[in-house]
1. In whole percent, and with a 1.4 Å probe on the protein chains, what portion of the accessible area of the range B:162-247 is carbon and sulfur?
2. Simple spin-label model, 7 Å along Cα-to-Cβ: B:T207 to A:R116 in nm?
3. Is there a simple number for the mean count of other chain Cβ atoms within 10 Å of the Cβ of residues in B:113-119, and what is it?
4. Under the definition of partner shielding as Cβ atoms of other protein chains within 10 Å of a residue Cβ, what is the mean value for peptide A:209-222?
5. Go through the range B:254-287 and flag every residue whose accessible area shrinks by 50 Å² or more with all protein chains in place compared to the isolated chain (probe 1.4 Å).
6. Please list the non-local residues whose amide H lies under 5 Å from the amide H of B:R71, H modeled 1.01 Å from N, same-chain partners needing a gap of 5 or more.
7. Taking θ = phi - 60°, what integer Hz values does the Karplus form 6.51 cos²θ - 1.76 cosθ + 1.60 yield along the range B:169-180, in sequence order, with x for Gly and Pro?
8. Mind grabbing the interface size between B and A? I mean buried accessible area, both sides, 1.4 Å probe, in Å² to the nearest hundred.
Amino acid sequence: MTATAVRRPAAPARRSRPRILAPIAPAALLVLVAVTGPLLAAHPLDKPVTEPYAEAGGAALLGGDQLGRDVLSRLLHGGSALIGNALIVAVTITLLATLLGCFAVLSPRLGRLVERIADTAILLPPVLGIMLLALAWPGGGRLAITVVAIFLGTPYAVRIVAGAAAPLATTGFIEAATASGERIGHLALREILPNLRATVLALFGLRFVDAVYVISMAGFLQLGPQPPEADWALMIRENGAGILLNPWAVVAPGLAIGLLAISVNLAANALAPATARRAALR
Amino acid sequence: MLLVLLAVVFAAIELLPGDAASATSERGEGAAGVAARRHLLGLDRPVWERFWDWITALPTGDLGTSARGERVTDLLADPLPNTVLLGATAFVLTALGALALGLWAAARPRGTVDRIVDLTSTAAFALPEFVVSVGLLLALSLWTGWLPAATVTSADGSPASWSMLVMPVLALTIPQTGWNTRIVRAALADQASTPHVEAAHLDGLPTRRILLRHALPGAWPAIATGVATATGPLLGGAVVVETLFNYPGIGAVLAGAVADRDTPVIAGVVACAAALITVVLLLADLVRARTLGARP
């Protein structure tokens, strides 16, 4: 809530390259594997190759799923859509929030409106929001979930940007620009925005993590991607019944989502300077 | 704000194609039959009229009638306490766990413990609850056989044994503790740089005393707000975890109601959840007001 503690608005001191690369490498590698995955898959994603819930080994390295489809191939197919979706959501929210946040600090009325909306949105748990809005648009599938995730994520994000930008609005150079008769658009985009790089970067990282969470949750609730699509979260739900017969059918996609969430989060954490990270902690 | 949220929820359900009358219709029922029930349920009246009826009945504890003709309060009476039990247990564990871990890490800034806690809490909060659940199921149920994998409901509608609560509660607690540990740690770090804490250091007081007596009081508002915001994710996560463990909570009611386009039921669940979150946030504000009031 208290997102005002930005003591150093200017660009932070650069850190040495290896220390930044180390936390990012796992995330980058995982994303690369997930995106190139469909090319590596040995079997088509909707053809049975073994008996249902077959144990690992033989034709399928990780065994078969509830219809006897190859778990490994489906795993390799399932990642790119999730990551792509999360990326779209994170980019959109960050852009929207940055623009709105910059204007919000300059216009008290807009600022109050944003504050109200964010306060209201906090009363609706994300899962309930997904259920409501995804069903308002049956057949919307991934697109509906993307829109919901953007709607639910933006109010908080605007508040964070506004919180980081608020101290700037009262600094000398903004007051000078206001006095010289600059219009609000110029003030927001040319004077305030360039000083928020660190916050925006931290925001993007956290929004990406959050988007992976929301989208995989929707997949698990079977509200987003529909079978026979290979989606990691959907695979966990579909194969839950067979966890005793072939644990890999559930564990492998679970591990994939877990690793994605953790590695992206650590990367985001490493990229963000400490002050901005503090500001982004709600 | 609660009012605005409920109005938005009402409107959102109204925008759904299809309504309660057609969603609950039997197969082979004619258009006339659907229209008749639509009239019976009052669905042909304008949405603001129905919303007004529902919202004015709310203070009397009446949540309206579901599309299948049951009273919403009866529908929620059994599962809601189960979900609240699940969420409340997880909430208490989260608060205690985060506080303990945060203090432990803050005792030696940049020490080994601090770094390990920072890394694991960062890692934990990104994990969706259902992924944690799968891991727990595998470790505690399939490999070791310590806990039952699914919840068996006893005659009064509550889980048959406490051991069935362990895994759902843990699945909810682990990601939230990760997030809140970071908040506690950050709040304590902020306090560590204040003059009175530095003065206590210079006076040579023991670290534990400085942390508990000097740093923690100032950090309370930030911690309380942080933990209070965990209420929403905990309730939402509970709905998801319930489906995995077959736990008798509002998750199942909600899934059915969404499929039936049953406005009063969904609005009732959202109202209960939002009211609960409001109360917790108000408590956090109270803590903030008291702490700030005590220190002129």
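The values are calculated or read from the model by the stated rules, or taken from the named source; none is laboratory data. The model shown is predicted, which means the values in this text are computed figures rather than measured ones. Using ideal geometry, Cβ is built from the backbone for each residue, glycine included, and neighbour counts are taken over all protein chains shown. We work out accessible area using only protein heavy atoms, side chains counted, and drop any ligands, DNA or RNA first. Shrake-Rupley method; radii C 1.70, N 1.55, O 1.52, S 1.80 Å.
1. Looking at the range B:162-247 in its full context, I get 63 percent from C and S.
2. 4.9 nm
3. Details: counts 0, 0, 0, 0, 0, 1, 4.
Taking all residues of B:113-119 together, the mean is 1.
4. On the way: counts 3, 1, 0, 2, 8, 1, 1, 3, 8, 0, 2, 8, 7, 2.
Partner Cβ neighbours, averaged per residue: 3.
5. Hits at the 50 Å² cut-off: B:V258.
6. It is B:S66, by chain and number.
7. The phi angles translate into 5, 4, 4, 6, 6, 4, x, 5, 5, x, 4, 6 Hz.
8. Values: alone 16080 and 14580 Å², together 26520 Å².
It comes to approximately 4100 Å² buried between B and A.
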